[in-house]
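Values in this text are rule-based calculations from the coordinates and carry no lab data. Owing to the predicted nature of the structure, the values given are computational and were not obtained by experimental measurement. Cβ: placed from backbone, ideal geometry, glycine included. Neighbour counts: every protein chain shown.
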Amino acid sequence: MAPSVTSETQVNDIVDKYSKLVLKGEGSPQLGQSIQDGFGDDYSSELPETTKRRFEKYGIDISKGYPKRPEKLTLFLDEAEKIRNGPDPDYVERGVNADPEKKALFAKAKEVRHLTKYVGTELVGVQLSELNEKELDELALLVSERVVVFFRNQDLAPQKQLEIGQFFGNNVEKHPLAGQVPLPGVEGPTGLTTIWGKFNRRNRDVTFKQRGGAIWHTDLDHEFRGPSITHLHLDAIPKFGGDTAWTSGYAAYDKLSPEFQKFLDGKVAVHRSQNKYYDKNNILGGPKHIEREHPLVVTHPVTGWKALFVNRGHTLRIKDLEPEESRVVLNYLYEVLEKNLDIQVRFTWANETQDRSLGASAIWDNRISAHYAIDDYDDEEDPRHGTRVTSLGAPPVFVPGSKSQRESLGLKP
């Protein structure tokens with residue numbers, strides 16, 4: 001039976017009655033429960049000391065509360081789908097014309113430390129705040145080749161983090177629901193998303209047995225033009241735990257047999273949003289995810305290498321396959337990404353070289369990776385807080401005839 005159409009009067013009544021929402025679980029709007037938007041969800045008194053010092057140093061006013069939510073939360077599916085639902089004519093792909101040897105960027109580093117053979121590089125002694133556009137362009141190329149690049153002991157203003165993100169993507173993700181860092185003179189979402197376990201869990205009773213609920217995922221892959229480069233800066237680093245792991249879509253594709261690669265090339269997968277929204281035509285049907293189609297294998301616009309573009313967190317199904325066929329294929333691909341340790345890197349934010357009074361940054365390419373936040377730290381005694389800027393790119397594409405990473409580098413299959 002087709003769902004009955006909700007009248008405009010009913011929709012307006014719902015908006016009026018439930019204009020205040022609570023975001024729980026995956027951050028979906030839950031009708032009938034109440035919080036305030038804007039600065040109503042105030043966790044400012046519980047911020048870690050290193051975060052407070054960073055905010056104070058760089059003029060971030062948290063006197064009204066923290067974090068900041070959008071003043072008008074996006075409730076409905078059609079409204080959420082319209083956000084950035086089209087190409088950006090001003091988008092410039094950084095790294096395409098950068099020096100392949102990255103001489104300017106590497107000259108700033110005391111050491112270029114590759115953490116594994118093909119995934120993950122740490123640039124020792126580089127301050128992100130001091131990089132010029134030429135060096136940032138070379139960094140974009142390095143990220144596209146190495147998947148993720150790390151920087152320790154960073155004195156980084158939130159405003160500078162946002163500026164770097166805007167260079168990489170022209171536009172950055174301004175989430176319609178997520179908590180964000182308020183910036184002087186900026187109304188509405190700022191593009192600096194709060195990454196903070198204590199706030200995300202919001203007083204839920206979490207025990208050791210209930211933790212570890214994270215999942216391998218790619219950020220915001222439901223977007224029409226999804227994330228290109230993401231920059232997470234931790235300004236409160238646990239003494240122990242809180243590591244993050246990344247896995248390479250390039251290397252996962254190269255794990256597959258040539259015949260299986262041919263089968264996957266050109267296929268389309270359906271991705272869903274993390275958050276849910278209400279369908280005006282079927283309010284009583286409950287909140288729904290945004291769904292978006294993307295190539296299952298993508299060709300990176302800078303390297304030209306093919307990569308698997310699926311993840312357990314958000315990929316729903318492969319288009320044009322029977323449900324069971326799709327399930328079998330996707331589960332196999334998830335295991336390739338998740339279980340092959342030789343195509344992964346795990347970053348320990350705090351080690352003997354990290355000054356915990358300063359921050360650390362990870363910059364990665366969402367188009368060629370999935371990541372996993374390891375939730376094994378103590379929010380009360382050893383907090384972890386960060387700010388994230390996600391640069392938006394062009395819609396992901398598959399280019400017939402493009403090569404895999406190992407094929408392009410002339411390595412043995």
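Quick check on segment 321-376: take the gyration tensor over C-alpha atoms, sort the square-rooted eigenvalues as a ≥ b ≥ c, and tell me if it's rounded (a/c under 1.5), prolate or oblate. The shape class here is prolate.
Think of the chain as a dipole: +1 on every Lys or Arg Cβ, -1 on every Asp or Glu Cβ, centred on the Cα centre; then among Val124, Ser273, Trp196, Val124 lies furthest on the positive end.
Counting only lysines at least 8 places from Lys339 when in the same chain, those with an alpha carbon closer than 18 Å to its own are Lys117, Lys255.
When the label point is put 7 Å from the Cα of Thr348 along its Cα-to-beta-carbon vector, which residues of segment 108-125 have a backbone N closer than 16 Å? Backbone N within reach: 115-116, 122. Which aspartates and glutamates, if any, have their Cα less than 12 Å from the Cα of Lys267, not counting same-chain residues under 8 positions apart? Within the straight-line cut-off, Lys267 pairs with Glu293, Asp320. The slack between Glu101 and Lys82, meaning 0.36 nm per residue of separation minus the straight C-alpha distance, is 2.8 nm. The structure shown yields Cα Rg over 2.2 N^0.38 Å, and of the options (i) 0.98; (ii) 1.28; (iii) 1.12 that calculated value carries the label (i).
Placing a label point 7 Å from the Cα of Glu293 along the Cα-to-Cβ line, the residues of segment 249-265 whose backbone N sits under 17 Å from it are 264-265. Can you tell which of Gly313, Gly169, Gly401 shows the greatest fluctuation in a Gaussian network model of the chain with Cα springs below 10 Å? Among Gly313, Gly169, Gly401, the largest GNM mean-square fluctuation belongs to Gly401.
At 222 nm, what helix-only mean residue ellipticity would the chain give, in deg cm²/dmol to the nearest 500, using -39500 (n - 2.57) for each DSSP H run of four or more?
That comes out to -6500 deg cm²/dmol.
Counting only residues at least eight positions apart within a chain, or on another chain, the lysines with an alpha carbon under 16 Å from that of Lys64 are Lys52. Among residues other than Ser404 with Cβ under 13 Å from its Cβ, the summed charge is +3 (Lys and Arg +1, Asp and Glu -1). For segment 325-413, GluC sites (Glu not before Pro) meeting the loop criterion (DSSP other than H, G, I, E, B) and having at most 16 other Cβ atoms within 10 Å: Glu352, Glu380, Glu381.
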